[in-house]
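Just below is one structure, and these are the notes that go with it.
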Amino acid sequence: MADERVPEQGRRAYAEFHRLVELIESMVLRPARRGWRLPLLCLVSRPGTPSPLAMLAHVFAGEERRVPHVRLDATGRDVRALLHEAYTGLVAGNFGGADRLAFRHYALADGLMQVDLTGVATNRRRRELTRQLRERISQRAASGGQQAPPDPGGWLGVLLWFVLRVLPGVTFWLLTNGWLLGAGRRFRWFLRQQYLAPELAAGDFVAFASRLTVPSRETEDQEQIDLLLVHAFLQDLRVEHRRRPWRLRPWRRTACPVLLLDGLAPGNGGYALVRLINAVRDETGRSDPLLVISNGHDVPPDGLSPTDPAVAGQLVPLDGVEGAYRAWRSGLPRARRAREDNAWYLQVEVPAADLTPFRNRLSRIVPPRPPWLARPVALVALVAVVLTTFGVWQIPGQAQRWRADCEWPPSARGGGLVHTAVRDGQCIGYSDHGRQLFSRDESLLAVQRQIFDQNREVEAAWAVRRDRPRVTLVYFGSLTKPDALPGEETFAGEREELQGMAAAQRRAYLEANDDRANPYLRIVVANAGQEMRYAGDVVRMLADLARDEPTVLGVVGLVESRKAVQDAIKALGDLNLPVLAPTLSADRIADASSRYLQISAPNIDEATLVHDHVTEVLKKKRIFNFYTYGNVDPDVGAREDLYVNTLRDGLRSRFGGDAYQETYWRQGVDLTPVCADRFGDGVVFFGGRYTEFGAFAARLAENCSGRVPLLIGDDSVNRYLANTAARRPAPDNLPLAYVVKGELAYCHRILGATDIERKLFLTDVRTVLSLCQSNSHIGERVGLAYDATRLHLRAVRTIAGNLSAPAGREWNPREVTPTTVYVAIRDVADPAYQGVTGLIRFDANGIAVGKRLTLLCVPDIRKAFDSPSDVPREIDRHPIDPAENKLYGTPPPDRRACTTQG
């Protein structure tokens, strides 16, 4: 009867709110090991209705184990007051059995903010601050400042005096300089984080700390101080929830902490705090386990009314929150790369209904009990069993796997194809499953997760439609480096290739659902380590995989034309596996294998494009090639870097000895001799690896200020331009012409495409990758990898279509072999395959013939791709093929020089 007295609108609102509670439950109960993705969940309610946060506080307030949470009212409070209340609430809160949170970084920063040195002479402030810091640390160590024991006298008294009076000074120095193992980490962290310019302290923690005290902080940037406090607060939560085998407390934390912020309004501390959390997550590249749920009557972050047309597309209704959350998660990596101001915001409109009558119907969110192994007794027992069973000799190897982010321990449980090993601190091997991802680059991890999720969809679909062909392709690349930092984007090129394969995989899934001749595609990701140094080891793993898994029909990828890659091509050829390389271009690299196919133009064609542009368009006579070899010794590079060396040979051949000069470039080399006033009849060419291009461009701009020569970069430079973070320190207004291999698949080309393949490509990259929307662009390797994958699948479809197998018969993978696929690929490309990056046809050695190369101009390398007007534009092309132009609807290029005007 009570239900009948509740308005229908209220019942609908309760149902929607109940789904929100279920979504929040899925967020806060311990997420995956590899990181947190918790939004800034901004609820927008109507004035006059009870706050929805009251309902959520009730949901979190269980009787036994409770989610760590604190509810604050932002009205009339500033950021620092709110942050301090959140800290005290989470530290003092009793959440039923869970260990209390320790805020070591924030407590130290907050304590320094309380230090007032106003009455202390300037030359004595450092000593006074040191004294107060030592007292603070000593009191913490003494658990509340208990009195020291009395002096017993004698030698024991002397020893006690030394321990209590002399050692603390030495210990304090070691502690604040980060030399004290474990305990010094928080001091070291303050000097390594990015806010308040810690480099000005030159490694001196006390000098940095003094800038937080009164009155010194009055001359500092107050927003930087706020960012530091927020960063320290979030760092403590990261540390407290970071699970390690030797730390029990994080394993006992089975729920993420929640901050409930009520009364958000433009101008109060709540708005500012939410904005600062968004900024810290974006600028540091690090996520954290804090779920922020706010409530106000305006739409953050701009404080607009819910009825304002400007919030359309941002504010989602409560009944659409689940879909909006999924879309937010999938779009987060792109938003973070683009440094969008609202990357972490998820704004939800709450209906104007009183939910109070339904309060007791909502189920409490109760954290699960910690794992059995998190209990001390269980851990002791487990250690004893492990040491007894496996022996102490196993520990170093397992620790090495853990540090390298290798599956630990390696296990066949959980499904999937996974085989890994550790080399030089890197996890190499292969995987088709989310239990093993390669790299610490979040964008690279995201596309791997997407591929592996699609692998699971393919398995489920094939279980229903077993008469479809099933194909496994291996992506083989370089996805790690020994000194990679969490969140560092180093492998933008590899990420683009995997994105292209993910888009092609989704297209294959849709086509296989419709037509039984079309194959389902599973992708295995293989990592050979930095610069493919361990390609031989991984090829041996893949040999076992190909023997045991007959669906493995080819390899896509192989980045950087080096001797190790050529050896891998030969070894894969010995396995009869076709290798389709999207971007390799070193001349004569195909000599290693009869199963090698290359869809990019060879280096001799690139040298021809550069020569024709320099002599015919720029009317210059000479070229000076500065080359590098990446992170290898120059002597090793001279022997093993096939890309750089064959490009040197090609340029020398095209320009002739008198017009061609070259030198190996390294940091510190003076570039004044090639400035425009001294090298007026010549062009500067960067013909090395992209890893050194940023430093080279900065040096050129420094040496030739106001006299910068015409600059052309090889196609490796495209990887530098794909890395937004690498371009941030680039010189202002430095124009660059550079060679690309897949310009036909750029957004501005495919948006008006009429051919079927590029129209499908546009649909796929929008649906799967959220590219070609708003200001999101397509990297060149996306289209090249898409073409390579589609060629493989087209070949399998051709073979399957010719088998005439009866409908309903389960697909026999041994009816298609790698050799027949290789032959079919060549047939599909004869006379030409119309890919998204141009016409693809092969010569007798498997090298692309007449494949389009484009010379693009970016007027300012720092701004490349930042907006539609900053997208590089074509200034030359090779070859200029009238038939291809007609087929793709592209006019001949407007051949011109690259300047700051484009």
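The values are calculated or read from the model by the stated rules, or taken from the named source; none is laboratory data. Because the structure is a prediction, the values reported are computed rather than measured. Here the Cβ is made from the backbone with ideal geometry for all residues, glycine too, and neighbour counts use every protein chain on show. Note: areas computed on protein heavy atoms with side chains; ligands, DNA, RNA excluded. Shrake-Rupley method; radii C 1.70, N 1.55, O 1.52, S 1.80 Å.
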_Compute the angle between helix 104-114 and the longest alpha-carbon principal axis of the chain, please, reported from 0 to 90 degrees and rounded to the nearest 10._
60
_For the pair Ala352/Leu751, report the inter-label distance in nm, with labels modelled 7 Å from Cα in the Cβ direction._
3.9
*Would you list the P(r) distribution for the stretch 295-351, with all Cα-Cα distances sorted into 5 Å bins from 0 and each bin expressed as a whole %?*
4, 19, 28, 25, 18, 6, 1
*By accessible area of protein heavy atoms, probe 1.4 Å, what ranking do Thr472, Thr118 get, highest first?*
Thr118, Thr472
*What FRET efficiency, computed as 1/(1 + (r/R0)^6) with R0 = 45 Å and r the Cβ-Cβ distance, is obtained for Gln901 and Tyr664, rounded to the nearest 0.05?*
0.85
*With only Lys, Arg, Asp and Glu charged, each at its Cβ (+1 for the first two, -1 for the last two), find how big the charge dipole of the stretch 720-773 is about the Cα centre; round to the nearest 20 debye.*
80
*Lys/Arg Cβ at +1, Asp/Glu Cβ at -1, dipole of the chain taken about the Cα centre: which of Asn94, Leu887, Ser443 is farthest positive-ward?*
Asn94
*Which aspartates and glutamates, on any chain, are close to Lys570 with Cα under 20 Å apart, when same-chain ones fewer than 8 places away are left out?*
Glu531, Asp537, Asp544, Glu560, Asp587, Asp591, Glu640, Asp641, Asp843
*asked:* Using a 7 Å offset from the Cα along the Cα-to-Cβ direction at both Thr219 and Ser770, what is the distance between the two label points in nm, to one decimal?
replied: 4.5
*Taking Cβ-Cβ under 4.7 Å as the only way to count a partner, pick out the unpartnered cysteines of the chain.*
Cys42, Cys256
*Interchain or long-range residues, amide H under 5 Å from Leu417's placed H*: Asp432, His433
*Which length gain, in nm to one decimal place, applies between Arg329 and Leu887 when the Cα-Cα distance is subtracted from 0.36 nm times their residue separation?*
197.0 nm
*Take every Cα-Cα pair in the stretch 809-893 and report what % of them are more than 22 Å apart.*
50
*asked:* Largest first, please: the extent of the C-alpha atoms of the stretch 230-353 along each principal axis, to the nearest Å.
replied: 52, 30, 27
_R0 of 51 Å, Cβ-Cβ distance Ala463-Ala310: FRET efficiency to nearest 0.05_ = 0.60
*If Tyr627, Tyr596 are ordered by their accessible area, calculated over protein heavy atoms with a 1.4 Å probe, which sequence runs from highest to lowest?*
Tyr627, Tyr596
*Be a star and scan the stretch 53-72 for residues whose amide nitrogen sits under 13 Å from the point 7 Å along the Cα-to-Cβ vector of Val21.*
53-62
*Tell me, what is the per residue accessible area of the stretch 287-369 in Å², probe radius 1.4 Å?*
46
*Taking the Cα atoms of the stretch 57-124, what is the range of coordinates along each of the three principal axes, in descending order and whole Å?*
55, 30, 14
*For the peptides 808-816, 330-338, what is the packing order when you average, over each peptide's residues, the other Cβ atoms within 10 Å and list the highest mean first?*
330-338, 808-816
*Specify the angular offset, from 0 to 90 degrees and rounded to the nearest 10, of the alpha carbon long axis of helix 780-803 from the longest principal axis of the alpha carbons in the chain.*
60
*Would you mind checking which residues have amide H under 5 Å from Thr472's amide H? H placed 1.01 Å from N; only 5 or more apart, or other chain.*
Arg522, Val552, Leu553
*Could you give the angle, 0 to 90 degrees to the nearest 10, between helix 167-176's Cα long axis and the longest principal axis of the Cα atoms of the chain?*
40
*On full extension of the chain, what length is gained from Asp204 through Asp843, given 0.36 nm per residue of separation minus the C-alpha to C-alpha distance?*
223.7 nm
*For the charge dipole of the chain, defined by +1 on Lys and Arg C-beta atoms and -1 on Asp and Glu C-beta atoms about the Cα centroid, which residue among Thr789, Val836, Gln222 has the Cα displaced farthest towards the positive pole?*
Gln222
*Can you tell me the Rg and Dmax of the chain, counting just the alpha carbons, in angstroms?*
30.8, 101
*When the Karplus curve 6.51 cos²θ - 1.76 cosθ + 1.60 is applied with θ = phi - 60°, which whole-Hz ³J(HN,Hα) does each residue of the stretch 757-762 get, with x for Gly and Pro?*
4, 6, 5, 5, 4, 4
*What is the calculated FRET efficiency for Ser653 to Arg707, with r their C-beta to C-beta distance and R₀ = 30 Å, to the nearest 0.05?*
0.50
*asked:* Using only the heavy atoms of the protein chains and a 1.4 Å probe, how would Trp344, Trp189 rank by accessible area, largest first?
replied: Trp189, Trp344
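Where only protein heavy atoms count, and the probe is 1.4 Å, what is the accessible area per residue for the stretch 753-848 in Å²? Spell out each step's value before the answer.
Numbers: 3830 Å² over 96 residues.
Here the residues of the stretch 753-848 average 40 Å² of exposed surface.
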*Could you work out how far apart the two model spin labels at Ala102 and Ala265 are, taking each label as a point 7 Å from the Cα in the direction of the beta carbon, and quote it in nm?*
4.1
*Only helical DSSP H runs with n ≥ 4 go in: add -39500 (n - 2.57) per run for the chain, normalise by residue count and round the 222 nm mean residue ellipticity to 500 deg cm²/dmol.*
-13000 deg cm²/dmol
*On full extension of the chain, what length is gained from Asp677 through Ala54, given 0.36 nm per residue of separation minus the C-alpha to C-alpha distance?*
217.1 nm
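Quick one: pull the percent of accessible area on the chain belonging to carbon and sulfur, 1.4 Å probe, ligands and nucleic acids left out.
On the way: 19720 of 37870 Å².
Here carbon and sulfur together make up 52 percent of the probe-accessible area.
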